[in-house]
1. Tell me whether the stretch 120-142 contains one or more residues that are within 16 Å of the chain's Cα centre (by Cα) and over 20 Å from Pro15 (Cβ atoms).
2. For the stretch 58-74, which positions are surrounded by fewer than 19 Cβ atoms within 10 Å (Cβ to Cβ) and either of a type in the set (Gly, Ala, Ser) or more than 20 Å from the chain's Cα centre (by Cα) (or both)?
3. Among Ala174, Ala97, which is the only one that is of a type in the set (A, V, I, L, M, F, W, C) and loosely packed, with under 14 Cβ neighbours inside 10 Å?
4. Only one of these conditions is not met by Ser91: (1) at pLDDT below 95; (2) surrounded by fewer than 10 Cβ atoms within 10 Å (Cβ to Cβ). Which number is it?
5. If Ala3 meets every condition in (1) of a type in the set (A, V, I, L, M, F, W, C); (2) exposed (fewer than 14 other Cβ atoms within 10 Å of the Cβ); (3) at pLDDT 95 or above apart from one, which number is that one?
6. Out of the residues in the stretch 154-163 that are surrounded by fewer than 17 Cβ atoms within 10 Å (Cβ to Cβ) and within 11 Å of the chain's Cα centre (by Cα), which is farthest from Trp42 (Cα to Cα)?
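The values are calculated or read from the model by the stated rules, or taken from the named source; none is laboratory data. Source: prediction; values computed, not measured. All Cβ positions, even for glycine, are placed from backbone atoms using ideal geometry, and neighbour counts span all protein chains on display.
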Amino acid sequence: MDALRRRLMKLQANPTEEMIKRDTPRPTKSNPNPQTTAGTIWVEFSPETTIGIKHLRAFAQHLDQNHFTTGVFITIGPVTTAALRAFEPLSERGITAEHFQEQDLLVNITRHELVPKHVLLSAEEKKVLLDRYRLKETQLPRIQFSDPVARYLGLKRGSVVKIIRKSETAGRYASYRWVF
């Protein structure tokens, strides 16, 4: 794919009504008008083969200036750890920025026969789960933030994912993992 086409590959997406409903906490006395955690996302393919700090800083500034809640930067080759530090100030403002190499996205790993179905729980579903079993989230089994499926699904630290597996005896069973 040539550089001109990559420059044109930019995408903005807004949350659906279903996402807004799922990601908005219920009103409480202390917070009668809660804000949704669902927000807009910006996806950009980089035409450059070598990515440096200036590229990621420009991407981070674009996210911040246009009030995106999530950004995905897709590159041809690897990015240095020093360059990825350009994303650190965004997390202080509540913006999630991620980097993927194209080769990481060529195959949808969630469709592989050996990968069970992963379902992100809403804040309310997470609370119900923890109350039902009288647990703290840290008592749940863990899944790493850097796990390929967690990265692919955009899971954030502190969220809980329900993993549904097939079983010969039970048909299907669910387990829960806390993202750390």
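1. Taking every residue of the stretch 120-142 in turn, none turns out to be within 16 Å of the chain's Cα centre (by Cα) and over 20 Å from Pro15 (Cβ atoms).
2. Residues satisfying the conditions are Ala58, Gln65.
3. None of the other options fit; the residue is Ala174.
4. (2)
5. Checking Ala3 against (1) of a type in the set (A, V, I, L, M, F, W, C); (2) exposed (fewer than 14 other Cβ atoms within 10 Å of the Cβ); (3) at pLDDT 95 or above, the one that fails is (3).
6. Per the criteria, the residue is Arg157.
Matching residues to (1) within 22 Å of Arg151 (Cα to Cα); (2) surrounded by fewer than 11 Cβ atoms within 10 Å (Cβ to Cβ):
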position	(1), (2)
Pro25	no, no
Lys29	no, yes
Val43	yes, no
Ile76	yes, no
Phe87	yes, no
Asp104	yes, no
